Amino acid sequence: MGICRKCKTKDSLISDRIGFCSGCIREDFSSVEEQIRQVHRESRVRFGLPPEPPQSPTMRCQDAALEAGLKNVHLGNVHLLK
Ligand SMILES: [Zn+2]
């Protein structure tokens, strides 16, 4: 059972790791955005990925999150994992 750190709602659909309910994320994203991004960065590092997806302005993979750039191939680009 997760508990929202913002509104204190308890619900089985609230991720313990993310820590916010869908209502707070949708209605006041700016107040929870940095905390959610930090969880995302920590998760990427645990899997051996860079904290942020590599960016490159040269070539774009249309399937990748954020259209990850492919000029300099780095671990973390979608479809290019080990
Ligand atoms: Zn909430």
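Points to keep in mind about this one:
- Overall form of the stretch 2-51 per C-alpha gyration tensor (a/c, 1.5; a/b vs b/c): oblate
- Counting charges near Pro51 (Lys, Arg +1; Asp, Glu -1) among other residues having Cβ under 12 Å from its Cβ returns a value of +2.
- Net charge over other residues, Cβ less than 14 angstrom from the Cβ of Thr9 (K, R count +1; D, E count -1): +1
- Charge sum, other residues only, whose C-beta stays under 13 Å from Ser22's C-beta, Lys/Arg counted +1 and Asp/Glu -1: -1
Throughout, read-outs are computed from the coordinates displayed, never taken from laboratory work. Values in this document were obtained by computation on a predicted structure and should not be read as measured data. All Cβ positions, even for glycine, are placed from backbone atoms using ideal geometry, and neighbour counts span all protein chains on display.
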